[in-house]
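Since the structure comes first, as structure tokens, the remarks are kept for the end.
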4 protein chains.
Amino acid sequence: MCRWLAYSGTPLLLDTILYKPAHSLIDQSLHSRLGVETTNGDGFGVGWYPQESIDTPALLRDVGPAWNNRNLREIADHVRSPLFFAHIRASTGTAVQQSNCHPFRYGRWMWMHNGGITDFHLVRRDLTLQVDPELYSDIEGTTDSETMFYLALTLGLEQDPPGAVARMVGLVERSGREHGIEFPLQMTIAVTDGERLWAFRYSTQGASRSLFYSTRVDTLRKLHPDVAFLREVSDETHLIVSEPLGDLPGAWNEVPESSYGVVHAGATELCPFAPEPV
Amino acid sequence: MCRWLAYSGTPLLLDTILYKPAHSLIDQSLHSRLGVETTNGDGFGVGWYPQESIDTPALLRDVGPAWNNRNLREIADHVRSPLFFAHIRASTGTAVQQSNCHPFRYGRWMWMHNGGITDFHLVRRDLTLQVDPELYSDIEGTTDSETMFYLALTLGLEQDPPGAVARMVGLVERSGREHGIEFPLQMTIAVTDGERLWAFRYSTQGASRSLFYSTRVDTLRKLHPDVAFLREVSDETHLIVSEPLGDLPGAWNEVPESSYGVVHAGATELCPFAPEPV
Amino acid sequence: MCRWLAYSGTPLLLDTILYKPAHSLIDQSLHSRLGVETTNGDGFGVGWYPQESIDTPALLRDVGPAWNNRNLREIADHVRSPLFFAHIRASTGTAVQQSNCHPFRYGRWMWMHNGGITDFHLVRRDLTLQVDPELYSDIEGTTDSETMFYLALTLGLEQDPPGAVARMVGLVERSGREHGIEFPLQMTIAVTDGERLWAFRYSTQGASRSLFYSTRVDTLRKLHPDVAFLREVSDETHLIVSEPLGDLPGAWNEVPESSYGVVHAGATELCPFAPEPV
Amino acid sequence: MCRWLAYSGTPLLLDTILYKPAHSLIDQSLHSRLGVETTNGDGFGVGWYPQESIDTPALLRDVGPAWNNRNLREIADHVRSPLFFAHIRASTGTAVQQSNCHPFRYGRWMWMHNGGITDFHLVRRDLTLQVDPELYSDIEGTTDSETMFYLALTLGLEQDPPGAVARMVGLVERSGREHGIEFPLQMTIAVTDGERLWAFRYSTQGASRSLFYSTRVDTLRKLHPDVAFLREVSDETHLIVSEPLGDLPGAWNEVPESSYGVVHAGATELCPFAPEPV
């Protein structure tokens, strides 16, 4: 399994979020508390939208652990972004290679995932066949996560992200059941087009991987008037994380089972999520 | 495009063949003379059958260039084998990752390729669908070469290698033509089960990548009584290479267009090759 | 810090020792129990003497974690050796690069280390200056461990390993104290020339990293007549490890503080160790 | 040997200079025309000063070839900088590892080099001993190039770059001669503090590696009124390169033997260079 974080808000040096917190994502790469694996050292990725207008987000991905990667350290120390994803991987069997590192990108879109399609080797062919033939050759890696992304793209992600993810989940669950798999899917997912950000928490079994969202900055600022960081970021700043980055009381809230959140123009909304049969 | 060599004969330190010749495969990784690219630095692989009985060949593959890889140098200096493959890659676009490095392995079988399926992105989906669903999830990379291997396995490689390769080529050419591709395939291929070794040279256009086989050792020994190497290897020793490893007069013979050779128990045979419609 | 193992005895597939035990070194790379760090993912190395006569041991070293390295898996599955070292690294600050991975080699000699020279950056220059100028340019990396190896070589390792290591420790402690360091050294070390194997456990503070040696095979065989592995290896088989590879009662014995063991022609000896002032 | 480029001027996407020109540095990594080696595939690096004020330049360095590195491609497509260095390496024997990749950095300073200290293994110890003991432990790699950087820092680089480089060269030549080396040094060097940029061309033999500087933009604009790129960059834009990036007539001028150029606030100066005995 894996750990990830998604940031949207005041443009920050990536370092502020990736390395500085007490239980940062980099710390989680060695000592995850809530993940299935304590070590997440099978590759990493960070994807960020530059402050100036460029069509696509930038990706830095590599196959070693995040904790000792110097290029990641450099980017974190020198790049500012208003919207970025970061992901650390613990492979569940597929190859440790750059093309299997999250986030995945398609045009302006980025996608990352924690969890897994149960017995993916059994359903991989059926699922891949459902990918739009026009998109098929853009698949570069061999993960369930990237297949889910391309299925969501096939099923309308660019027009209706929550609907497309619901249909993708419906499809994965149907394929799994056709192969006799009781609980076909386990997922937390983040997806963005550079303006809006969606995060999903769901599993067939109803026992999903951990996911948390940050409390509103204005509320936190009143609770913790001494925390300098909270004065540096705007009220429109939001974080969604696999596990809390620190122990600040009141800062983190669990995303409920079978739900998704959306961040847009600084506002947030939390909605129920259910697979859509296809 | 790529360069490769296949060795069968007296057990040798890999170094003897990989590094020592004047125009060794390692030299070809920097300065190929007959290849489409002069530099072949997008990964490499070596696969060898140990002298003692072990079920599968060993693979050492990595994504950097062969010429500066220290682990390859170590293996070459310390491992002896009676049958080994080596390959240096020049990517034609697919990702530079270990799972795209040749040789590919399936049980006791190894496969490597130079050339390419024209416009592979157009036919990749159609071809992949033809792979036996039981084998589908064993595909780890994204190359045309590995797809060709799994198609050949689907079409009977383990029972009838020349026939299976002929059917694979028939399939690739049919798919290509269905997509309006004039010359769908360009290939030299080596395949072995650890006992027998086959090498194919073919292209739709009839202008195939270079391929050479070594002259019989007993003949060469008479021609060059002073060459120490020729006294160290048995008459059953054979090499098949993308380009000659040196300039020894009389040592190398071009494999004719549209043909294949087989090495078995030290004997060799050269046969015509034609695609088989499927 | 790091974890390591040294094997001497019946030629075995490396897999038998590296992967198969319940708490194998590969398991320790993710979940060390007795190490300073639970994760040892900053590179690895294995060095082995081939069964046939070759002058030097072979090294396979790489910068990623051992647990997901496919080339290590391949070598373990296909190479047999009567004497091999394996090491997994948790960097204490020096760069994660192949030249910093253990074991280190000089001619027929191999060396690996767990522990550290305290405040190495303060004493590195002084210590490096003590290396024989003839050897200086053979230093390839930047670790304290490799510096200790070259100091030991300078101080007579090839003639008298225990004496040379004692003098090296004396030198490191003197340098440390000159820089006001209270406890300059922490070490477990394995060194071999391909025939004999020495293992040292020492720290200035008298609180050394864990080190264990295996019980005599004939004794273990009587204790555990059902353990198949014990019937496959000769009485001359010995293991020295940073932490026990499994829970077989009676199999593992702690190397005492400030002592070293030697394995030669299957016989073993345990001796006290003390630094030698230089 | 190696190839490099240094850019100073209108903030540009790195892609504009690194990939777009017909004979870009990326093309030179495969097909250098004027270098000692045609292939420069033993690692690469790019170092850039962000547009916003940050104390140090950012570095992206890796051990594979530049031509297939996806992270370099990403940075080039998404990062703008007013001052950046890029370097592709062809190792002359020292290890291919990140810490040996140029540019090297010390605080705000960056340094890169093409050429070599002749028989560096013979003089490495003597030269390293001349490095300020305070700086010694910052040396991370094993190249002659980094040693030259730390010698220059020791000899006053931060106060007087041309003087410090002259003294460094004097020291290298003296050490070389003491070891009986006829032509101890071959170099082109670029160094910057983020505001000023110096480039040196020198060799003991007076037969230095190629180095070129770009013609003034206002002059080029008159010569080539149709070249869009020239209208997008300011008159203060300058490039110094190992070999011309394209064939635009009048665009490139050879830096004379034994001279150096300095770019500061858009103005340039060309001065003679001579080693200074130390």
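Values computed for the structure shown
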| read-out | value |
| --- | --- |
| Cα gyration tensor, the stretch D:75-125 - rounded (a/c under 1.5), prolate or oblate | prolate |
| Distance in nm between pseudo-label sites at C:Glu254 and B:Ala22 (7 Å out along the Cβ direction from Cα) | 6.5 nm |
| GluC sites (Glu not before Pro) within the stretch D:138-187: DSSP coil, no more than 12 neighbouring Cβ in 10 Å | D:Glu182 |
| Buried accessible area, chains B and D (both chains, 1.4 Å probe, Å² to nearest 100) | 900 Å² |
| Under 14 Å from the B:Ile54 label point (7 Å along Cα→beta-carbon), backbone N, the stretch C:69-85 | C:70-82 |
| Choice from A:Thr219, A:Thr268, A:Thr188 with maximal GNM fluctuation in chain A (Cα, 10 Å cutoff) | A:Thr219 |
| Straight-distance crosslink candidates among aspartates and glutamates, where the alpha carbon sits under 15 Å from C:Lys222 and sequence neighbours closer than 8 are dropped | C:Glu232, C:Asp235 |
| Binned Cα-Cα distance frequencies in the protein assembly as shown - 10 Å width, integer % | 2, 10, 17, 21, 23, 18, 9, 2, 0, 0 |
| Between the stretch C:88-127 and the stretch C:1-75, the Cα center-to-center distance that results, in Å | 17 Å |
| Most fluctuating residue given options C:Gly170, C:Gly246, C:Gly45, as computed from a GNM of chain C linking Cα atoms under 10 Å | C:Gly246 |
| Cβ neighbours within 10 Å from other chains - mean over C:4-11 | 0 |
| Whether the stretch D:50-175 is rounded, prolate or oblate, judged on the alpha carbon gyration tensor where a/c under 1.5 counts as rounded | oblate |
| Karplus-derived HN-Hα couplings along the stretch B:79-95 (A = 6.51, B = -1.76, C = 1.60, θ = phi - 60°), whole Hz, x at Gly and Pro | 10, 10, 8, x, 7, 8, 10, 9, 8, 10, 10, 10, 5, 9, x, 6, 4 |
| Per residue, in Å², the accessible surface of the stretch D:3-272 once ligands and nucleic acids are set aside, probe 1.4 Å | 35 Å² |
| Surface share of carbon and sulfur [accessible, 1.4 angstrom probe, percent] for the stretch C:3-272 | 48 percent |
| Proximal lysines to D:Lys20, defined as alpha-carbon separation beneath 19 angstrom and excluding residues fewer than eight positions away on the same chain | none |
| Sorted peptide list for C:115-127, B:121-133, B:94-106, criterion being average Cβ within 10 angstrom, highest first | B:94-106, C:115-127, B:121-133 |
| Partner chain coverage, peptide A:127-134 - average Cβ within 10 angstrom | 2 |
| The stretch A:3-272 shape via C-alpha gyration tensor axes, a/c threshold 1.5 | prolate |
| Residue mean of other protein chain beta carbons inside 10 Å, D:60-73 | 5 |
| DSSP-assigned coil residues among GluC sites (Glu not before Pro) in the stretch A:1-109, each with at most 13 further Cβ atoms within 10 Å | A:Glu52 |
| Gyration tensor (Cα) of the stretch B:1-112, equivalent ellipsoid semi-axes in angstrom | 21, 16, 12 |
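The values are calculated or read from the model by the stated rules, or taken from the named source; none is laboratory data. Since this is a predicted model, take the numbers as computed values, not measurements. Note that each Cβ is placed from the backbone with ideal geometry, even for glycine, and that neighbours are counted across all protein chains shown. Ligands, DNA and RNA are excluded from the accessible area calculation, which covers all protein heavy atoms including side chains. Shrake-Rupley method; radii C 1.70, N 1.55, O 1.52, S 1.80 Å.
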